[in-house]
Amino acid sequence: MSFCIYDRLITGESKLAVIGLGYVGMPIAVAFSKKVEVIGFDTNTDKIELYRSGFDPTREVGDEEIKKCSVDFTYDEKRIGDAEFIIVAVPTPVNEDHSPNLNPVIKASETVGKNLKKGAIVVYESTVYPGVTEDICVPVLEQASGLKCGTDFKVGYSPERINPGDKVHRLETITKIVSGMDEESLEDIANVYSLVVEAGVFKAASIKVAEAAKVIENSQRDINIAFMNELSIIFNKMGIDTYSVLKAAETKWNFLNFTPGLVGGHCIGVDPYYLTYKAEELGYHSQIILSGRRINDDMGRYVAENVIKNLIKADVPVKNAKVAVLGFTFKENCPDTRNTKVIDIINELREYGIEPVVADPQADAAEAEKLYGIRFTDISRINDMDAVILAVAHDEFKGMMLSDVEKLFKDGPEEGKVIIEVKGLLNRKEAEASGYHYWRL
């Protein structure tokens, strides 16, 4: 049986399917649709209808690209059977105890398996720990399909590197790691991805190597941000401005450009737990990785504590203090609120009897209300505040001057007003010279 699917894709004899049309899968489907016939499958019927109507709720490629693309958006799983090259791009979250939740990728494998044709190649992009593709997904595919891996179908792994909200580092411009279960599948997978990835592909030595590369990419960022957060805690105790320290240190040619902040989302705050989980299974308890995770997971509470301290310094009664939070998504210039760490700030403030108002011009309002019970307030309607927290560096907030922030506060002397920053958008000296109680990470 020939597994050389590349040739059949470019001649239109075969189709490519993408399973899971979120921040990762949808840009992949749109990019490939410019070269080959693409079936875009998702179990979320509402999402499919949005795509069919030309609306991009993720804002990753934009409404115009969705309208003009040729992706066959469907929630009919039987359509998967029309494809020979299948990309699985479903989420891989963690459970409450931080253990990997592989249910989405297992269910996707079952769905693909039930509709898998002989001669197909299945490539996983979902973040997993080394071994999941071959040890967990392959048996599911075999059981659901009744086919034999290596004989009737083949598998590969190509870790996603999508950075939500980033308009520079895109699928096409980032080197793509690819791997296959053997040389034949590796070559086919590399050729297929080369159709859309202008930056080129890197052939990993094995599927497990590719899986490992993905989890350490984000673990490395997580550890470095944790180091910055720990430095911020230390420098704040010393009365030293962290950003001033970093600005001085970055003049050295090999200083790494990281800053303190909240670490949420579906990658940096999740992937390290996949690696440490597998390490625990093998009898090794991670020290550096989990230490970094503990620091980063605690930063929302830490920010909230400093809101309280500064309210007290400003002689503002803490209970029922009027506090505004600007930004709620897990990162800037992105509508996604899932796994946002801003909710940790809000929940901690509630422990002190404060119910903050929240403004976010970019967030998915329906999603925020459904997941957290948060209803956004338009920033133009916010006034009479005791404290303002700039939590997310959306472009709308980056352009704010101190005079814009002043409009959000109650009338009266600045000495009784608090500004808290997570990302250091304002001029600290100007804020302090104006009499504000100012604090930032």
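Restricting attention to the range 49-81, the residues being under 21 Å from the mean Cα position of the chain (by Cα) and in a loop (DSSP other than H, G, I, E, B) number 8.
Do you know which residues across the range 133-162 are in a loop (DSSP other than H, G, I, E, B) and either surrounded by fewer than 17 Cβ atoms within 10 Å (Cβ to Cβ) or more than 25 Å from the chain's Cα centre (by Cα) (or both)?
Of the residues in the range 133-162, the ones in a loop (DSSP other than H, G, I, E, B) are 146-148, 150-152, 158-162.
Correct list: 146, 147, 148, 150, 151, 152.
Taking residue 388, is it outside any loop (DSSP other than H, G, I, E, B), without any contact (Cβ under 8 Å) to a residue 60 or more places away in the chain and either assigned by TED's automatic domain parsing to the domain that holds residue 262 or at positive phi (or both)?
Values: outside any loop (DSSP other than H, G, I, E, B): yes; without any contact (Cβ under 8 Å) to a residue 60 or more places away in the chain: no; either assigned by TED's automatic domain parsing to the domain that holds residue 262 or at positive phi (or both): yes.
Here the answer is no, as residue 388 does not meet what is asked.
If you go through the range 242-257 and keep only what is among the basic types (Lys, Arg) and either within 28 Å of the chain's Cα centre (by Cα) or in a helix (DSSP H, G or I) (or both), you end up with just 247. Of the set (1) part of a helix (DSSP H, G or I); (2) in contact (Cβ under 8 Å) with a residue 60 or more places away in the chain; (3) surrounded by fewer than 21 Cβ atoms within 10 Å (Cβ to Cβ); (4) not hydroxyl-bearing (Ser, Thr, Tyr), all apply to residue 226 but (3).
Right, residue 5: buried (at least 22 other Cβ atoms within 10 Å of the Cβ) and under 23 Å from the mean Cα position of the chain (by Cα) or not?
Values: buried (at least 22 other Cβ atoms within 10 Å of the Cβ): yes; under 23 Å from the mean Cα position of the chain (by Cα): no.
So residue 5 does not fit the description; no.
Has the range 232-255 got at least one residue that is among the β-branched types (Val, Ile, Thr), crowded, with 17+ Cβ neighbours inside 10 Å and closer than 29 Å to residue 158 by Cα? For the range 232-255, residues among the β-branched types (Val, Ile, Thr), crowded, with 17+ Cβ neighbours inside 10 Å and closer than 29 Å to residue 158 by Cα: absent.
A single member of 129, 124 is crowded, with 20+ Cβ neighbours inside 10 Å, more than 20 Å from residue 83 (Cβ to Cβ) and in contact (Cβ under 8 Å) with a residue 24 or more places away in the chain, and it is 129.
Restricting attention to the range 188-221, report how many residues are of a type in the set (Lys, Arg), out of contact with any strand residue (DSSP E or B) (no Cβ under 8 Å at 6 or more places or on another chain) and under 20 Å from residue 293 (Cβ atoms).
Looking only at the range 188-221, we keep the residues that are of a type in the set (Lys, Arg), and these are 203, 208, 214, 221.
This time we only want the ones that are out of contact with any strand residue (DSSP E or B) (no Cβ under 8 Å at 6 or more places or on another chain), so: 208, 221.
So of that shortlist, the ones also under 20 Å from residue 293 (Cβ atoms) come out as 221.
The total comes to 1.
Just to be sure, is residue 46 part of a helix (DSSP H, G or I) and not small (Gly, Ala, Ser)?
On the way: part of a helix (DSSP H, G or I): yes; not small (Gly, Ala, Ser): yes.
Yes, satisfied.
Set side by side, the residues 295, 268, 308, 312 differ, and just one is farther than 27 Å from residue 385 by Cα, assigned by TED's automatic domain parsing to the domain that holds residue 435 and modelled with pLDDT of 95 or more, which is 295. Taking the range 82-106 as the range and being assigned to a loop (DSSP other than H, G, I, E, B), of a type outside the set (Asp, Glu) and over 25 Å from residue 36 (Cα atoms) as the test, the residues that pass are 92, 93, 95, 98, 99, 101, 102. For residue 33, the conditions (1) buried (at least 20 other Cβ atoms within 10 Å of the Cβ); (2) under 21 Å from the mean Cα position of the chain (by Cα) are fulfilled apart from (2). Taking the range 391-420 on its own, how many of its residues are touching a residue at least 40 places away in the same chain (Cβ under 8 Å), assigned to a loop (DSSP other than H, G, I, E, B), of a type outside the set (D, E, K, R) and farther than 20 Å from residue 341 by Cβ? Final tally of qualifying residues: 1.
The values are calculated or read from the model by the stated rules, or taken from the named source; none is laboratory data. Nothing here was measured: the structure is a model prediction, and the numbers come from that model. Reconstructed Cβ throughout: ideal geometry from the backbone, glycine too, with neighbour counts over all protein chains shown.
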